[in-house]
Amino acid sequence: MQPPVNKKGFIQINIIVKDIEAAAAHWAALLGIETPKIRLNHLEGGPNYKYRGQPVSCDLKVCNIEMDGFVIELHQPVGGESSFQEFLDKHGNGVHHLGFEVGDRRDEVLGFEVGDRRDEVIRQLKAQGYDTDRTVGIYPGSSWTIVDSEEQLGVNLNIKPVR
């Protein structure tokens with residue numbers, strides 16, 4: 001049986017921070033790059049955004065640092081319930097999740113379309129005992145699921161279809 005997640009699909013390290021402006025400046029100095037642009041994301045609760053199975057709204061300050069082959073994504077929660085605020089309250093600054101893209105645009109062997117493969121991976125992880133209801137987000141052209149895997153893996157997973 002094929003494992004649910006392939007290491008070739010690794011795309012992201014997400015770090016939760018209390019002060020994104022300071023963290024972004026420190027990362028820029030460390031890497032010798034321009035300070036990345038920080039943006040405010042609003043996640044509106046409803047059918048397209050759920051946290052712990054419930055539609056909730058939240059706001060995040062976000063910035064991306066492009067690396068070779070993956071992205072360091074900084075998040076600072078700034079309002080509302082979210083996996084990110086939960087993590088900050090519990091742990092403070094730290095790595096919240098590792099992101100993986102799963103499947104191909106069309107996986108001919110398995111016959112999955114992009115979203116179908118993500119859904120199949122989530123079903124497999126749920127069957128293995130992972131909590132797959134931590135966060136589910138759907139946006140134009142893609143989707144993501146934060147899998148609560150801190151106890152088993154020491155970090156959460158973000159499962160996305162291939163863009």
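The values are calculated or read from the model by the stated rules, or taken from the named source; none is laboratory data. In this text, all values refer to a predicted model and were calculated from it rather than measured experimentally. FYI the Cβ positions are ideal-geometry reconstructions off the backbone, even for glycines, and counts take in every protein chain you see.
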Search result, residues across the stretch 34-53 that are part of a strand (DSSP E or B), out of contact with any Phe, Trp or Tyr (no Cβ under 8 Å at 6 or more places or on another chain) and closer than 17 Å to ASP133 by Cα: GLY46, TYR49, LYS50, TYR51
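Okay, residues lined up against (1) within 21 Å of ASP148 (Cα to Cα); (2) modelled with pLDDT of 95 or more:
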| residue | (1), (2) |
| --- | --- |
| PRO36 | no, yes |
| ARG39 | no, yes |
| LEU43 | yes, no |
| PRO47 | yes, no |
| TYR51 | yes, no |
| VAL56 | yes, no |
| PHE87 | yes, yes |
| HIS97 | yes, yes |
Qualifying residue in the stretch 105-124 (condition: surrounded by 20 or more Cβ atoms within 10 Å (Cβ to Cβ), at pLDDT 95 or above and not hydrophobic (A, V, I, L, M, F, W, C)): no
Inter-residue pairs, beta-carbon under 9 Å, first under 16 Å from CYS58 (Cα atoms) and in the stretch 132-152, second among the charged types (D, E, K, R) and surrounded by fewer than 16 Cβ atoms within 10 Å (Cβ to Cβ), 6+ apart: ARG134/ARG52; THR135/ARG52
Scan of the stretch 34-58 for residues that are surrounded by 17 or more Cβ atoms within 10 Å (Cβ to Cβ) and out of contact with any Asp or Glu (no Cβ under 7 Å at 6 or more places or on another chain), ordered by number: PRO36, LEU43, TYR49, LYS50
